[in-house]
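Since every read-out is calculated from the coordinates, none of them should be taken as a lab result. Bear in mind the structure is a predicted one, so any value in this text is a computation, not a measurement. Here the Cβ positions follow ideal geometry from the backbone for every residue, glycine too, while neighbour counts run over all protein chains shown.
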Amino acid sequence: ITAEELDASQPLDAGEVIARVPGLLVRQDSGPVAMRLNVGVRGLNPDRSRSVLMLEDGLPISLAPYGEPEMYYSPQIDRMERIEVLKGSGQIAYGPQTVGGVVNFVTPQPPAKKLQGAVDLEAGQRDVFHGRAMLGGSKRDQSAGWLLHYLHKQGDGFRDFFYDLDDVQAKVNLKPGN
């Protein structure tokens, strides 16, 4: 799922986007801004994504990925650059807990410039407010880069579902020398 598709669809949560991928079943159980992601692949039980290895930037995001792979946290889709979905035999390269497949949430890389930032604010009915801020930079030789991302979402939602989320991400990239 590309950055262009994410921009065009403006999803509220990751489940809304992943449900569009053929062969994936997403079950919502935590309201309009899902905190838990329930994904099943081709008939496998979607309960807490047990049969799907969930990654963020290639690292497992469940609490115990090889013992109890249940998902009790869903990364916020607002800070993702793209989503990679692997089904079929391609997921075997990611380890033994990939019976159903692999979903990898990919966050943006640090900017190539020395210092760069962005702020995005949205407001609407029912006290909806979504705000995010990013600040990052890289050394001139691109040997090191950093990115700080803050996301705040709140609203009264529909059907009296209130939400108030804060998400902070820090990312550092280091390129080893010769």
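Fully extending the segment from D160 to L148 would add 1.1 nm, taking 0.36 nm per residue of separation and subtracting the current Cα-Cα distance. Restricting the calculation to Cα atoms, every distinct pair contributes to the Kirkwood radius of region 110-178, found to be 13.9 Å.
Can you pull the percent of Cα pairs in region 54-115 with separation above 18 Å? Tail of P(r) above 18 Å: 41 percent of Cα pairs. Within a straight-line Cα-Cα reach of under 30 Å, K113 can be paired with the following lysines, leaving aside sequence neighbours fewer than 8 residues apart in one chain: K139, K153, K171, K175.
Which whole-number percent of Cα pairs in the chain have a distance greater than 30 Å? Roughly 24 percent, rounded to a whole number. Note on E81 and Q125: with the Förster distance fixed at 22 Å, the Cβ-Cβ geometry gives a FRET efficiency of about 0.15.
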